[in-house]
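A.B. asks: Handing you this structure, nothing more for now.
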Amino acid sequence: MAEVAYVNASRVFPGSPPVRAVDQLGLDVSDGEFLVLVGPSGSGKSTALRMLAGLEDVDEGSVTIGGKDVTNVPPKGRDIAMVFQSYALYPHMTVAENMGFALKLRGVPKATIKEKVAEAATMLDLTKYLDRKPKALSGGQRQRVAMGRAIVREPSVFLMDEPLSNLDAKLRVETRANIAALQQRLGTTTIYVTHDQVEAMTMGHRVAVLKDGVLQQCDTPRNLYERPANAFVAGFMGSPAMNLKTVPLAADGAQLDGLSVPLPRQMLDAAARAGLSEVTFGVRPESLHLTGADESGMELVVELVEELGADAYIYGTARIGDRPERFIVRVDSRTPPALGQTVRVTVRDPNEVHLFHPETGDRLQAA
Ligand code: ADP
Ligand code: MG
């Protein structure tokens with residue numbers, strides 16, 4: 001087991017212009033932690049993981065495992081095990097042979113290999129498949145063999161790159177819970193890459209959000225959700241996404257059409273300090289609600305009703321100034337409004353509003 005660190009580590013791919021796939025990444029992962037790297041496609045997640053594995057050069061800065069600088073250590077010397085999206089199982093080997101192969105290469109005695117493979121197979125519920133070849137397994141079983149292959153090596157660090165992408169939705173949810181439980185039980189430091197923010201939120205002790213190779217924020221799922229550091233993180237984490245709109249500020253709050261949202265003094269002070277007359281106003285769908293007939297609110301024409309069983313969301317258009325703006329609102333799933341209906345919407349609690357700088361996107365902080 002080991003802690004892991006990226007120390008201002010960059011990977012710059014040559015070209016004109018060069019691509020800073022990972023840009024000055026600084027990140028400390030504690031011993032035993034489950035850290036998720038999340039971001040849209042092309043944000044540098046795989047490159048960051050491969051830098052730690054030794055499969056990609058580190059052009060600036062360094063990477064450490066267990067406190068030791070491994071920047072120039074070949075992959076074999078890093079004591080990590082990687083699980084990829086394509087499980088890359090050997091087709092001609094049985095499940096047991098696939099799982100034990102790395103140990104065999106290392107010259108581990110046969111009896112020990114057998115024991116370790118059996119132990120991992122029990123954990124992963126693979127015991128009855130040990131003699132099968134990969135082609136005779138389902139996708140979920142193959143995924144578990146790939147996990148088993150990593151586990152038997154007893155590495156200091158697991159590196160996983162979108163290991164659930166090839167599974168169907170139901171199996172993905174099941175497997176993500178199993179992987180989280182297994183990691184808890186083994187206590188092995190794990191860095192897990194996904195583009196799926198739900199996976200990130202449900203699996204990670206902490207989640208690091210990347211955009212264009214740059215770390216945006218690294219925090220617990222709850223803190224990312226409740227205090228996103230910038231408008232990008234705010235919009236990326238959470239589904240359906242946070243409503244993010246540029247709105248003018250009035251003396252005591254934000255001015256939406258037909259709705260003045262009173263804002264806490266600290267928020268207004270922060271905007272004033274930044275000299276802003278407009279802000280990026282963020283409010284999650286669950287922080288908006290429909291008003292009663294006699295209450296004021298922002299008028300919204302309902303264009304789509306998404307019923308998910310326990311929840312329902314309406315998508316509708318309001319006007320801010322002379323611009324039409326799309327808002328998403330969570331509503332009671334038993335009595336959703338009808339398509340085309342005009343509803344009035346208000347903010348549940350001004351403390352659930354997020355304000356960001358309209359140009360930099362940074363969260364406006366209370367002093
Ligand atoms: P992610 O895993 O988040 O989808 P990647 O780490 O694969 O992103 O890629 C990050 C960026 O680096 C992308 O712009 C990608 O096109 C670029 N990139 C990745 N690998 C190479 C390479 N071998 N040569 C040039 N550019 C690359
Ligand atoms: Mg990738």
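The values are calculated or read from the model by the stated rules, or taken from the named source; none is laboratory data. On a predicted model such as this, the values are computed, not experimentally measured, just so you know. We place every Cβ from the backbone using ideal geometry, glycine too, and count neighbours over all the protein chains shown. The protein model used for the area step is the full one, side chains on, heavy atoms only, and it has no ligands, DNA or RNA in it. Shrake-Rupley method; radii C 1.70, N 1.55, O 1.52, S 1.80 Å.
A.B. asks: Would you please state the base-10 log of I(q)/I(0) at q = 0.16 1/Å for the stretch 275-316, with intensities from the Debye formula using one equal scatterer on every alpha carbon?
C.D. replies: -0.60
A.B. asks: Report the residue, chosen from 18, 75, 262, that carries the largest GNM mean-square fluctuation when the chain is represented by alpha-carbon nodes joined by springs under 10 Å.
C.D. replies: Of 18, 75, 262, the most mobile in the Gaussian network model is 18.
A.B. asks: Also: 5 Å is the cut-off here: which amide hydrogens, built 1.01 Å from N in the peptide plane, fall below it relative to residue 333, excluding neighbours closer than 5 in sequence?
C.D. replies: Amide H neighbours of residue 333: 312.
A.B. asks: If each DSSP helix of 4+ residues adds -39,500 (n - 2.57) and the sum is divided by the residues in the chain, what number results at 222 nm, nearest 500 deg cm²/dmol?
C.D. replies: After summing the helix terms and dividing by residue count, I get -7500 deg cm²/dmol.
A.B. asks: Over the Cα atoms of the stretch 240-356, how large are the radius of gyration and the largest Cα-Cα distance (Dmax), in Å?
C.D. replies: Every Cα atom of the stretch 240-356 included, Rg and Dmax give 14.1, 44 Å.
A.B. asks: Here's a follow-up. What are the ³J(HN,Hα) couplings of the stretch 190-206, residue after residue, when phi is run through the Karplus curve with 6.51, -1.76, 1.60 and θ = phi - 60°? Round to Hz, x for glycine and proline.
C.D. replies: Listing the rounded values in order: 9, 10, 10, 9, 8, 9, 9, 5, 5, 4, 4, 5, 7, 9, x, 5, 10 Hz.
A.B. asks: Right, here's the next one. Give the residue from 88, 190, 64 lying farthest towards the positive end of the charge dipole for the chain; charges sit on Cβ (+1 for Lys and Arg, -1 for Asp and Glu) and the dipole is referred to the Cα centre.
C.D. replies: 88
A.B. asks: Among residues other than residue 321 whose Cβ falls under 13 Å from its Cβ, what is the net charge (Lys/Arg +1, Asp/Glu -1)?
C.D. replies: -1
A.B. asks: What residues qualify as long-range amide H neighbours of residue 22, i.e. H under 5 Å apart, gap of 5 or more or another chain, H built at 1.01 Å from N?
C.D. replies: The answer is 11.
A.B. asks: Rounded to the nearest 0.05, what FRET efficiency is calculated for residue 111 and residue 171 with R0 set to 45 Å and r the Cβ-Cβ distance?
C.D. replies: Result of the calculation: an efficiency of 0.85.
A.B. asks: Rounded to a whole number, what is D in µm²/s for the stretch 1-156 from Stokes-Einstein with the Kirkwood radius over alpha-carbon pairs (25 °C, 0.890 mPa s)? Before the final figure, lay out the partial values.
C.D. replies: Details: Rh = 17.1 Å.
My calculation gives 143 µm²/s for D.
A.B. asks: Just from the alpha-carbon atoms, what are the Rg and Dmax of the stretch 241-309 in angstroms?
C.D. replies: Looking at the stretch 241-309, its Cα Rg and Dmax stand at 14.0, 44 Å.
A.B. asks: Could you state the number of Å between the C-alpha centres of the stretch 189-256 and the stretch 309-367?
C.D. replies: 16 Å
A.B. asks: Send over a whole-number figure in Å² for the accessible area per residue of the chain, probe 1.4 Å. Before the final figure, lay out the partial values.
C.D. replies: Numbers: 17320 Å² over 367 residues.
Value returned for the chain: 47 Å² of accessible area per residue.
A.B. asks: Just to confirm my numbers, what's the Cα centroid distance between the stretch 40-95 and the stretch 99-150 in Å?
C.D. replies: Taking the Cα centre of the stretch 99-150 as reference, the centre of the stretch 40-95 is 21 Å away.
A.B. asks: Given C-alpha coordinates of the stretch 114-163, what is the ratio Rg to Rh with the Kirkwood estimate of Rh?
C.D. replies: Numbers: Rg = 10.9 Å, Rh = 11.4 Å.
Result for the stretch 114-163 is an Rg/Rh of 0.96.
A.B. asks: Sort largest first and round to whole Å: the equivalent ellipsoid semi-axes of the chain, each the square root of five times a Cα gyration tensor eigenvalue.
C.D. replies: Semi-axis lengths for the chain are 46, 25, 15 Å.
A.B. asks: Moving on to the next point. Given charges of +1 on the Cβ of Lys and Arg and -1 on the Cβ of Asp and Glu, with all other atoms neutral, how large is the dipole of the chain about its Cα centre, in debye to the nearest 20?
C.D. replies: Charge dipole, the chain, about its Cα centre: 1720 debye, nearest 20.
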